[in-house]
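For reference, the structure is listed below as structure tokens.
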Amino acid sequence: MANVTLKNLTKTYPGQVTAVDNLSLEIADGEFLVLVGPSGCGKSTALKMIAGLEPITAGEVLIADEVVNEYASRDRDIAMVFQSYALYPHMSVFDNIAFSLQIAKVPKAEITRRVGEVARILQLEDYLRRKPGNLSGGQRQRVAMGRAIIRQPSVFLMDEPLSNLDAKLRVQMRSEIAQIQRRVKVTTIYVTHDQVEAMTMGDRVALMKDGVLQQVDTPDNIYNRPANTFVASFIGSPSMNLYRARLEGEVASCTLVLGGNRLAIPASVFADRAELAAKIGADIIVGLRPEDLEDAALLPTHPADQRLAAHVILNESLGSDHMVHFPIDAPLAKVSDQDSLDEIVVAEGVCIGRFGARSLVKAGQSIEVAVACDRLHFFDAATGLAI
Amino acid sequence: MTQNSPPRTTSVLAPQLGRKERPERRATSEIMRKYGHLLFVLPGLVFFVAVMVGPTLFALVISLTNWTGRGISFEFIGLQNFQDALSYWPLYRAAINNVILFVAMLIFQHTVGLFIAVQLNEKPRFMEFYRAVLFMPVIISLVSTGFIWTLMLSSNIGFINPVLRDLGLGFLAKNWLSDPATALPTVIAVTAWNSVGWAIVIYLSGLQNVPEELKQAAHIDGANGWQTFWRVVFPQLSPSFTALTVLTFIGTFKTFDLVYVLTGPLGSPNYRTDVVGTLIYRTAFGGSGNYTDDISMSFAIALALVVFAFMTLIAWALIKILRRREIQS
Ligand SMILES: Nc1ncnc2c1ncn2[C@@H]1O[C@H](COP(=O)(O)OP(=O)(O)OP(=O)(O)O)[C@@H](O)[C@H]1O
Ligand SMILES: [Mg+2]
């Protein structure tokens with residue numbers, strides 16, 4: 001059991017590629033931290049530096065309050081689950097799980113006992129004599145987990161352990177891993193680029209972009225109070241609709257000018273955001289989550305001044321709800337390097353709303369869209385930072 | 001065949017032209033559909049039959065006669081040559097030298113070759129250069145190799161002995177190729193120099209297929225470099241091990257040119273370096289220019305076929321055994 005602290009961790013590869021830039025993080029003992037970000041943002045590099053597999057250019061890694069920069073991997077008391085699982089192909093499942101104990105010259109009887117225990121937790125008892133090549137993806141994944149937990153390390157490091165599984169198995173293993181972690185209560189750093197994993201598994205989520213940490217917070221806070229437009233657009237599927245807009249009027253009766261539409265902003269919004277009042281009159285970026293948009297026909301009591309007039313160009317019905325695409329004539333705020341797995345590519349200016357299952361809108365119709373104006377997100381137009 | 005093929009080709013194309021009556025058209029296209037793809041194999045097959053199967057069968061026929069290789073008189077004597085071959089003790093003497101060469105080369109390839117491959121796999125600077133230099137001997141013709149080494153080993157104008165003397169190690173200087181104690185080891189050394197490039201290239205390609213993450217996983221599991229190599233990396237190399245062992249077996253048992261150039265057709269001194277290659281050559285074409293009485297082409301061919309059969313059997317068994325211990329993936 002140990003806490004992990006990263007202090008200004010930096011990695012520069014030859015050729016001046018800064019893969020990780022000044023990363024500082026504190027991970028509490030027993031915490032499950034998810035490190036998420038688009039491809040190439042330096043997640044694996046950060047993890048490898050913690051694991052001792054990649055030399056550190058600058059900064060410090062502390063495990064249990066001890067600087068481990070100069071320690072070899074095997075002296076850091078960590079276990080790692082690789083994306084490829086990296087199972088030893090020539091060894092049986094038993095030997096794969098037992099390898100670290102065999103190396104440590106643990107007595108045979110104890111190895112057998114501990115492997116048995118781990119195999120029971122992971123439901124691998126029937127496969128102990130097989131070779132990894134004869135296992136299914138999910139079983140291999142569990143062997144990789146078994147290899148990590150048998151050592152009872154202070155820290156688990158996992159690098160996209162589920163990305164080789166099919167969608168259904170991924171959902172299943174996602175909850176299994178989270179449950180195992182809760183049971184063994186080992187500090188875990190889990191790398192993924194899947195925002196669903198990030199949101200569902202972690203106690204806290206750390207979001208990176210181009211080697212720079214963007215925000216660390218609980219999944220709820222990351223979703224509801226994204227620190228900047230990048231976080232806002234990365235987390236959430238479909239992503240948040242971001243437009244350039246302007247606030248007019250005063251706090252008590254404020255209007256958001258969004259292209260040709262005007263939306264009334266309730267005073268409560270200003271109560272939560274101290275700096276927003278100062279932005280009245282200035283250009284800002286406004287963010288609308290798809291689920292905060294609804295077919296006005298389903299919400300007859302919705303205030304008339306919190307509606308958009310829209311022309312539906314596409315309706316993707318998912319059964320449980322409808323993804324309705326409609327253009328808004330305000331300029332789109334583009335966020336570079338947006339890359340989430342289940343990203344939906346949107347034509348420029350098109351806004352997506354998630355309408356209830358009972359909505360009857362069809363492509364080609366002109367409708368009214370009810371906007372939950374108390375749930376809008378506001379960002380600085382120049383810096384992209386949340387207001 | 002050339003006379004037959006044009007009409008056949010026409011009938012093959014005929015269905016598309018649609019000139020023939022229905023039933024025959026059906027039949028042709030049916031045959032075409034089932035066996036047409038074999039046409040693509042034909043050129044290769046013809047070539048293979050012409051240069052491999054044909055001569056082998058021809059050799060087999062000759063081996064059933066007592067033809068000496070000169071003149072045209074011969075009689076069929078059945079399997080007499082084969083019977084003689086199996087009880088011909090020089091064959092065993094030569095084969096034992098091949099076995100010694102094989103074992104020595106095997107050890108050398110799997111130790112020195114593997115070691116160098118592992119070093120190169122660490123991607124030292126100038127790796128391409130080392131690799132090219134180490135592989136160079138493989139592409140030099142064996143006759144040149146033999147000739148270069150004969151010169152280097154020569155006691156008078158050579159290179160090795162004078163260097164040894166200059167180093168104050170004069171007592172080590174020898175007549176390397178004519179001293180019965182050193183002749184075979186010298187042949188082994190030259191063969192090793194010549195073929196270590198193969199071992200390196202084969203092991204290197206095996207090493208490059210071992211995923212980095214496998215080694216990292218072993219490190220994290222607490223293994224040191226030595227344990228990582230022997231317990232995790234080396235087992236991944238078993239396909240390379242198999243390939244190299246079989247290639248070494250074949251290479252050492254069919255060796256001829258190098259021995260011929262280094263120590264001559266008699267495997268001198270006193271047959272110490274005689275291998276089946278030189279024995280068969282000598283039996284077929286004579287060992288020295290002077291007397292040719294004991295030349296027998298048909299007997300030489302019988303020897304060659306016996307060796308061929310044994311080599312096939314052993315190579316097959318080697319592959320069978322070594323494959324079984326490879327990793328199933
Ligand atoms: N050995 C290396 N040499 C040079 N540059 C590297 C090396 N390894 C990674 N990089 C660069 O560092 C950056 C971060 O790589 P990293 O593997 O950490 O990304 P990642 O966040 O894990 O991405 P992914 O989700 O695709 O796995 C990338 O731009 C990559 O090109
Ligand atoms: Mg990665």
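The values are calculated or read from the model by the stated rules, or taken from the named source; none is laboratory data. Everything quoted here is computed from the prediction, not taken from an experiment. Cβ coordinates were reconstructed from backbone atoms using ideal geometry, including for glycine residues, and neighbour counts include every protein chain displayed. Protein only, heavy atoms only, side chains kept; ligands, DNA and RNA dropped before computing areas. Shrake-Rupley method; radii C 1.70, N 1.55, O 1.52, S 1.80 Å.
Okay, here's what the table says:
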{"quantity": "Buried solvent-accessible surface, both chains (A, B), 1.4 Å probe, Å² to nearest 100", "calculated": "2000 Å²"}
{"quantity": "Local electrostatic count, A:P107, Cβ distance below 11 Å [Lys/Arg +1, Asp/Glu -1]", "calculated": "+3"}
{"quantity": "Quarter of Cα convex hull surface for segment A:195-330, i.e. mean projection, nm²", "calculated": "10.1 nm²"}
{"quantity": "Alpha carbon centroid spacing (whole Å) that separates segment B:206-236 from segment A:219-286", "calculated": "53 Å"}
{"quantity": "Between segment A:72-102 and segment B:303-319, the alpha-carbon center distance in angstrom", "calculated": "43 Å"}
{"quantity": "Sites B:S205 and B:V61, calculated FRET efficiency, Cβ-Cβ separation with R0 60 Å, nearest 0.05", "calculated": "0.90"}
{"quantity": "Listed residue pairs exceeding 18 Å between alpha carbons, taken from A:K11/A:K185; A:K7/A:K48; A:K43/A:K209; A:K7/A:K185; A:K108/B:K215; A:K11/A:K209", "calculated": "A:K11/A:K185; A:K7/A:K185; A:K108/B:K215"}
{"quantity": "Net charge, A:S359 excluded, C-beta distance under 14 Å - Lys, Arg +1, Asp, Glu -1", "calculated": "-3"}
{"quantity": "Segment B:143-271 - charge dipole about Cα centre, Lys and Arg +1 at Cβ, Asp and Glu -1, debye rounded to 20", "calculated": "200 debye"}
{"quantity": "Antiparallel DSSP beta bridges within the protein assembly as shown, percent to nearest 5", "calculated": "80 percent"}
{"quantity": "Calculated FRET value between A:E26 and A:V184, using beta carbons and R₀ = 22 Å, to 0.05", "calculated": "0.55"}
{"quantity": "Size descriptor, Kirkwood hydrodynamic radius, that averages inverse alpha-carbon separations across the protein assembly as shown, Å", "calculated": "33.2 Å"}
{"quantity": "D_trans [Stokes-Einstein, Kirkwood Rh over alpha-carbon pairs] for segment B:160-283, 10 °C, 1.306 mPa s, µm² s⁻¹", "calculated": "90 µm²/s"}
{"quantity": "Amide H contacts of B:G264 (H built 1.01 Å from N, under 5 Å, at least 5 apart or other chain)", "calculated": "none"}
{"quantity": "Spin-label pair B:W316/A:D75, simplified geometry with 7 Å Cα→Cβ offset, distance in nm", "calculated": "5.7 nm"}
{"quantity": "Helix-only CD estimate at 222 nm, as mean residue ellipticity for the protein assembly as shown, using -39500 (n - 2.57) per DSSP H run (n ≥ 4)", "calculated": "-13000 deg cm²/dmol"}
{"quantity": "Phi to ³J(HN,Hα) by Karplus 6.51 cos²θ - 1.76 cosθ + 1.60 over segment A:51-58, Hz, x for Gly, Pro", "calculated": "7, x, 9, 9, x, 8, 6, 7"}
{"quantity": "Computed FRET value (nearest 0.05) for B:L266 with A:K362, which takes r as the C-beta separation and R₀ as 60 Å", "calculated": "0.05"}
{"quantity": "Where labels lie 7 Å past Cα in the beta-carbon direction, separation of B:R125 and A:A264 in nm", "calculated": "7.5 nm"}
{"quantity": "Neighbour cut-off at most 16 other Cβ (10 Å), DSSP loop, trypsin sites (Lys or Arg not before Pro), segment A:41-139", "calculated": "A:K105, A:R129, A:R130"}
{"quantity": "Cα-only Debye scattering, chain A: base-10 log of I(q)/I(0) at q = 0.06, 0.13 Å⁻¹", "calculated": "-0.30, -1.05"}
{"quantity": "Solvent-accessible surface (1.4 angstrom probe) belonging to B:I100, in square angstrom, nearest 10", "calculated": "80 Å²"}
{"quantity": "Extension reserve of the B:N156-B:M52 stretch, reckoned as 0.36 nm per residue once the Cα distance is removed", "calculated": "33.0 nm"}
{"quantity": "Inter-site label distance for B:F74 and A:R129 at 7 Å from Cα along Cβ, in nm", "calculated": "5.9 nm"}
{"quantity": "Cubic angstrom per residue, convex hull over Cα atoms of segment A:4-233", "calculated": "127 Å³"}
{"quantity": "Ratio Rg/Rh, restricted to segment A:144-184 and using Cα atoms, in which Rh is the Kirkwood radius", "calculated": "0.97"}
{"quantity": "Between segment B:61-103 and segment A:347-378, the Cα center-to-center distance that results, in Å", "calculated": "92 Å"}
{"quantity": "³J(HN,Hα), Karplus 6.51/-1.76/1.60, whole Hz, each residue of segment A:22-33, x for Gly, Pro", "calculated": "6, 7, 10, 8, 10, 10, 6, 4, x, 7, 10, 9"}
{"quantity": "Kirkwood-based Rg to Rh ratio, segment B:88-328, C-alpha trace", "calculated": "1.04"}
{"quantity": "Rounded percent of accessible protein surface that carbon and sulfur make up, segment A:28-70, 1.4 Å probe", "calculated": "42 percent"}
{"quantity": "Qualifying GluC sites (Glu not before Pro) in segment A:225-294, DSSP loop, other Cβ atoms within 10 Å at most 13", "calculated": "A:E275"}
{"quantity": "Neighbourhood charge, 14 Å Cβ-Cβ cut-off, centred on A:T301 and excluding it, Lys, Arg +1 and Asp, Glu -1", "calculated": "-3"}
